[in-house]
Amino acid sequence: MKIPLRHAFPVAVAAIALSILFGCASPGSPDGGPYDELPPQVIGSMLQFGALNSKDTKIDIFFNEFVKIENASEKVVVSPPQINLPEISSTGRKIRVKLLDSLQKNTTYTIDFSDAIVDNNEGNPLGHYNFVFSTGDHADSMEVSGKVLNAENLEPIKGILVGLHSDTTDTVFQTKPLLRVARTNGSGEFIIKGVAPGRYRAYALQDADGTFTFSQKSEMIAFQTSTFQTGSYPDARPDTIWRDSTHIDSIHIIHFTHYTPDDLVLLAFLESHQERHLLKSERQTPEHIDIYFTGPSDSMPKIRGLNFDENNAFAILSSPGHDSIYYWIRDTALIHQDTLRALYTFMETDTTGLLVETSDTMEFISKIPRAKQLKLEAEERKKWEKEQEKLKKRHLPYLETMPAPTLDLSIHPGGSLAPNENIQFETKEPIEIADTSLIHLLLKQDSLFLPAPYVLERDPGSLFKYTLYAEWRPQQEYQLQIDSAAFIGIYGHASKANRARITIPNLDTYGSLFFNLPGIADTTAVVQLVSSSGRVLYAVRSHDGRAEFFFLKPTTYYARLFIDRNGNNQWDPGDFEQKLQPEEVYYYPSKIQVRALWDIEQDWDVHALPLTRQKPIEITKQKPDKEKTIQKRNAERERNKRR
């Protein structure tokens, strides 16, 4: 589609001379003069706006006053994308863009300044400004627009590149730079301009290396598996001119060209099979070593001591993908050793992209050397001895021998417990022994406390947590008695004796929530209730198109649902090579107020609203950009003068 050259700006020496002669609007002065509230205006350019058959790589744009560009590297986008970043500068009343890449033949170029151009004095914005020229005999004017969301939580993504390819082969995203690009704003919205009529695929890319291709597994991406055809049609919208804040002066119709598609939704994700390399190792305290990788692996690394015996030397905690591994040193002799050297064998991504076994000699040096450890221990003992001496002088009970350290044990939740909750024990030191003969759960019957059955289990994937499961009866009182040494850590530290009173409230203090999920008849949906901060509070799997939550504390909840296609109870991202999209995520579009004694029955059609309108604004962290406006400081100045 061709555009008429109605917007050409003559660059006359006389115009520039008049601009310099009359200058810009008054910037205001210490004597109380008016502030400049007029936005800058374009008065011309060395390369004519909309120019055809252009060979110029340097574009000078002139304004009626001094201007500057804010955040040019973030806001100004040149399309087609430039491998060599263009030079963008402002001097006085001029903005210069110098393209360093060679110009492509028969191509429309757009320079989208967004709202980066403001006047130099008061920061009055020019507004969204776009410069167009072509190296061919016409300039393409089609537009493609939409929104990019984080596939996991439907958060708008700000600042990610969105681009098009007319080549619809499966590998083009990895082999050729994007054809035309734009960048998303604070609402995740994008508009790709200067598009030629045709069929395309859209992609999103957090371009880490400036190649405009998906070249690194660490880059967040989104891709379409289907193509779309550009189009346009005449459209109109009403425009209201207000006489003041309550009276309409006039309403008139604005005619414009509506470009399609204008509702693309790209769901961006980070692939789970990231390239795996050793990121770092650290020994912040003498007791443990932390090792981090950039990506996951199915196999656990192996460690062989070079100046110590590695057999039974560690209590090991690993993340599910073995990308974070924590080694707690069991032997105190090794804890006192400042440097531990080991041969570390692990899986690493090679130059072909495959995981291969590699080995590296590593040194784990304690950030707190043994000499400093002894100094800290001596200071602690001296402090304790002074305290005991004070007690002795006051004829108060005191100790002659410094007690051995104990194992700090936290118990939560405490006090009141919902019937579907359980008690969790947690320590800061890996637990070696949990002795159920020293843990007693008693149920109050009449005036007596009688033993109640329970099960104690270590939490999967944890060295520090145990959970006590029991059949909690509403309106009943329990007593939890923990004898000393019920829990013993790997360094022999024992927990203290403890008692806790536990009450199970009446069921009338809770509410229930039931979702009916039309179109979701199997058990693939996992429904979560989340707090206003986004923390998952409860999760259930749907059955026969229904999700049921019992014993909910009265408060405000938000609901999230994802389709667990592989049944692993967690959300999984997509895979570009396999053309696998991330697991679908939906949000219930409004908050849910649960009240005591209420059973809420709620229909939830996850397809009733587009994804861009589902997540409630109260829990959306990425807020829209603040629109730049004239500050209207003159009105404020007049109000202050009348006071």
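Rule-based calculations on the coordinates, nothing more; no lab input. All values reported here derive from a predicted model rather than from experimental measurement. When we count neighbours, we look across all protein chains shown, and the Cβ atoms used for this are built from the backbone with ideal geometry, even at glycine.
Observations on the model:
- Most positive-pole-ward Cα, Asn498, Ser533, Ile563, against dipole of the chain from beta carbon charges: Ser533
- Nearest-20 debye value, segment 509-609 charge dipole, Cβ charges on Lys, Arg, Asp, Glu: 480
- In the chain, a dipole from Cβ-located charges (positive for Lys and Arg, negative for Asp and Glu) runs towards its positive end, and of Thr257, Tyr398, Val118 it is Val118 whose Cα lies farthest in that direction.
- Cut-off 20 Å (backbone N to label point 7 Å along Cα→Cβ of Phe550), residues of segment 593-620: 594-602
- Which of Leu448, Phe62, Pro573, positive extreme of dipole for the chain (C-beta unit charges): Phe62
- For semi-axes √(5λ) of the Cα gyration tensor in Å, the value computed from the atomic coordinates appears in the list [x] 60, 33, 30; [y] 39, 31, 26; [z] 74, 43, 26 under label [x].
- Label point of Leu438 set 7 angstrom out along Cα-Cβ; within segment 481-500, amide nitrogens under 15 Å from it belong to 481-499.
- Modelled FRET efficiency - R0 41 Å, Asp483 with Tyr538, Cβ distances, 0.05 increments: 0.80
- Once the Cα-Cα distance is subtracted from the 0.36 nm per residue extended length, the Asn420 to Glu377 segment shows a gain of 11.0 nm.
- Sites Glu471 and Tyr233, calculated FRET efficiency, Cβ-Cβ separation with R0 56 Å, nearest 0.05: 0.30
- Net charge contributed by nearby residues that have their C-beta within less than 11 Å of Asp408 (K/R +1, D/E -1): 0
- Radius 11 Å from Cβ of Val148, net charge of other residues (Lys, Arg +1; Asp, Glu -1): +1
- Annotation for segment 189-279: trypsin sites (Lys or Arg not before Pro) lying in DSSP loop with at most 14 further Cβ atoms inside 10 Å of their Cβ are Arg243.
- Calculated FRET efficiency, Lys496 to Thr171, Cβ-Cβ distance, R0 = 56 Å: about 0.35 to the nearest 0.05.
- Length-normalised contact order of the chain in % [C-alpha pairs under 8 Å, at least 6 apart]: 9
- Charged-residue dipole, Cβ positions (Lys, Arg, Asp, Glu), segment 134-233 about Cα centre, Debye nearest 20: 60
- The gain in end-to-end length when the Gln216 to Glu87 segment is fully stretched comes to 43.8 nm, 0.36 nm per residue minus the alpha carbon separation.
- Label-point separation, Asn311 to Thr339 (7 Å along Cα→Cβ), nm: 2.7
- Within segment 448-521: Cβ-based charge dipole about Cα centre, in debye rounded to nearest 20 (Lys, Arg +1; Asp, Glu -1): 220
- For segment 509-609, the convex hull spanned by the alpha carbon atoms encloses 105 Å³ per residue.
- Entries of Lys75/Lys147; Lys68/Lys94; Lys579/Lys615; Lys383/Lys428; Lys147/Lys193 with Cα pairs more than 20 Å apart: Lys579/Lys615; Lys383/Lys428
- Counting DSSP beta bridges with both ends in the chain, the antiparallel % (nearest 5): 90
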